[in-house]
Every structure is written in structure tokens, then in C-alpha cells.
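The values are calculated or read from the model by the stated rules, or taken from the named source; none is laboratory data. Just so it is clear, the model here is predicted, and its values are computed rather than measured. Using ideal geometry, Cβ is built from the backbone for each residue, glycine included, and neighbour counts are taken over all protein chains shown. The accessibility values were calculated without ligands, DNA or RNA, using every heavy atom of the protein model including side chains. Shrake-Rupley method; radii C 1.70, N 1.55, O 1.52, S 1.80 Å.
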Amino acid sequence: MLEDPKSPPGELKFARSIPVEKARADVLLAYKMNGRELPPEHGFPVRAIVPGWYAMASVKWLQRIIVTEQPFTGYYQTIDYAYWERQKAIAELTPLTEMQV
């Protein structure tokens, strides 16, 4: 397997964040699908469903939820699933969130 040149060395765990306001309004934690236990390929034992956001926000195989006042700056939040957004002369990496249809 090829190394991703922008990835930090070592084992990398997938982690994402969403604003508390979004979590309170729309996010579901699913443990069943069609009345049955969620199958492993869909995220057993539990997964997040984040309507209107790109799929990587709907984390499968959810292990924990952390609520914090500090911005999350994990690799998948700030580098891998992010795009360059320009504000006048300055460009900054912005996390992918809401779907741009």
C-alpha cells in the first residue's frame, strides 16, 4: 500500500467533528436498519447519520463522542477532506461539510 505523502506517520484513526448546533438539530445515531441490528458493512454497532453533509461526516463504527469547546484539528478534518477556500488574497483549508449541490 502506498503512503499518502500528506499523511502523518504511523497509524491514523478516522475522526470528524460537527458543530454542536448541527448535532442537536439533525444528527441521528443509528443502531438498527429496517428493524434489524445494523450490519457491519453499514457501521455496526452504531453509526452517525448527518443529513445534508458529505458521507465522511456520517461516521461508521462509532466508538466515542467527545464534546469540546476547542476546534477539532484532526487530519481528516483539516487536511484530507478539506478544500482551499480563498478570501481575497488569503487561501485557507476549509473542512468539507454541507453538500454543494
Check your understanding: Based on Cβ point charges of +1 for Lys and Arg and -1 for Asp and Glu, what charge dipole magnitude is obtained for the chain about its Cα centre, in debye rounded to the nearest 20?
Key -> 260
Revision key, fill the gap. Of 25-33, 65-73, ordering from highest average Cβ density within 10 Å down gives 25-33, 65-73
Review point. How much net charge surrounds E92 when only other residues with a Cβ under 15 Å from its Cβ are counted (Lys, Arg +1; Asp, Glu -1)?
Key: +1
Check your understanding: Between T94 and W61, how many nm apart are label points set 7 Å from Cα along the C-beta direction?
Key -> 3.2
Check your understanding: What relative contact order, as a whole-number percentage, does the chain give when Cα pairs under 8 Å and 6 or more residues apart are counted?
Key -> 23
Check your understanding: So what's the Cα pair-distance distribution over the range 41-101, bin width 5 Å, in %?
Key -> 4, 15, 18, 24, 21, 10, 4, 3, 1, 0
Practice item. At a Cα cut-off below 27 Å, give the lysines reachable from K13, other chains included and same-chain residues fewer than 8 away excluded. Key: K22, K32, K60
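Students often check this: by mean Cβ neighbours within 10 Å, which of 35-43, 74-82, 86-94 ranks highest, and how do the rest follow?
On the way: 35-43: 10.8, 74-82: 17.0, 86-94: 9.0.
The peptides rank, most packed first, as 74-82, 35-43, 86-94.
Take the solvent-accessible surface of the protein heavy atoms, probe 1.4 Å, and return the percent of it on the range 1-98 that carbon and sulfur atoms account for. It would help to have the intermediate numbers written out before the result.
On the way: 4460 of 7910 Å².
About 56 percent, which is the carbon plus sulfur part of the accessible surface.
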**Study point:** Heavy-atom accessible area per residue - the chain, 1.4 Å, Å²
**Key:** 82
